[in-house]
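Working notes for the structure below.
The values are calculated or read from the model by the stated rules, or taken from the named source; none is laboratory data. Keep in mind that this is a model prediction, so the values were computed, not measured. In this analysis, Cβ positions are derived from the backbone assuming ideal geometry, glycine residues included, and neighbour counts consider all displayed protein chains.
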Amino acid sequence: MGGGYTALKFDPFRDSFDVLDGASLMRAVETVAAVREAVGDGVDILIECHNRFNAESAVKVAETLRPYGIYFMEGTVHPEDLEGLTMFKSAARVPVALSERVVNKGQHLQYTQYADYIQVDLGRFGGPTEAR
């Protein structure tokens, strides 16, 4: 892939929310499969979920997309659903990322057990010093 980029993050789910029906899941799989085929194995695929799924749906998505070498899935379950985050983290078998909804150091520390990666919005987090 040109330009020095080594990863792509995108949302293959379109308008699916909460529980993902079979047709929506198949469209997502087709999208991810097409991207993987286009970019090859040298580019990481990061899946953005916008915190839209319940834990069961998120696990099903992770298991279905895992064969495509997903680097991580971000924002699978709403960050206030700690039980759902716990279930997803233990069952998904793909790395978990939390998004910019983690807005300060105290919240970050609370969420480290639920994610492999926490991506902070530096503007909302208090700047790079606070994030560091």
Restricting attention to the stretch 71-117, which residues are in contact with a Gly (Cβ under 6 Å, 6 or more places away or on another chain) and either among the small types (Gly, Ala, Ser) or on the phi > 0 side of the Ramachandran plot (or both)? 99
Do the conditions hold for residue 37, that is, is it charged (D, E, K, R) and at pLDDT 90 or above? yes
For the stretch 93-100, check the following and say yes or no: at least one residue is more than 24 Å from residue 5 (Cβ to Cβ) and modelled with pLDDT of 90 or more. yes
Among the residues listed as 94, 35, 29, the single one being of a type in the set (Val, Ile, Thr), in contact with a strand residue (DSSP E or B) (Cβ under 8 Å, 6 or more places away or on another chain), surrounded by 14 or more Cβ atoms within 10 Å (Cβ to Cβ) and part of a helix (DSSP H, G or I): 35
May I ask you to list pairs of residues, at least six apart or on different chains, whose Cβ atoms are under 7 Å apart, with the first in the stretch 4-18 being at pLDDT 80 or above and the second being assigned to a strand (DSSP E or B) and of a type in the set (A, V, I, L, M, F, W, C)? 7/46; 8/45; 8/46; 9/46; 12/47
Is it the case that some residue within the stretch 43-52 is in contact with a helix residue (DSSP H, G or I) (Cβ under 8 Å, 6 or more places away or on another chain), under 26 Å from residue 6 (Cα atoms) and surrounded by fewer than 18 Cβ atoms within 10 Å (Cβ to Cβ)? no
The stretch 53-62, subset crowded, with 16+ Cβ neighbours inside 10 Å and not β-branched (Val, Ile, Thr), residue farthest from residue 100 (Cα to Cα): 60
Can you find a residue that is within 27 Å of residue 132 (Cβ to Cβ), charged (D, E, K, R), surrounded by 19 or more Cβ atoms within 10 Å (Cβ to Cβ) and within 12 Å of the chain's Cα centre (by Cα) anywhere in the stretch 63-86? yes
Regarding the stretch 105-118, can at least one residue be identified that is among the aromatic types (Phe, Trp, Tyr) and either free of Cβ contacts under 8 Å to residues at least 12 places away in the same chain or within 15 Å of residue 131 (Cβ to Cβ) (or both)? yes
Which of (1) outside any strand (DSSP E or B); (2) farther than 18 Å from residue 114 by Cα is the odd one out, the single condition residue 80 does not satisfy? (2)
What are the residues in the stretch 103-122 that are under 18 Å from residue 47 (Cβ atoms) and not in a helix (DSSP H, G or I), if any? 115, 116, 117, 118, 119
Working only within the stretch 104-122, note down all residues that are at pLDDT below 80, surrounded by fewer than 17 Cβ atoms within 10 Å (Cβ to Cβ) and over 19 Å from residue 52 (Cβ atoms). 104, 105, 106, 107, 109, 110, 122
Within the stretch 42-58, tally of residues that are in a strand (DSSP E or B) and closer than 12 Å to residue 72 by Cα: 5
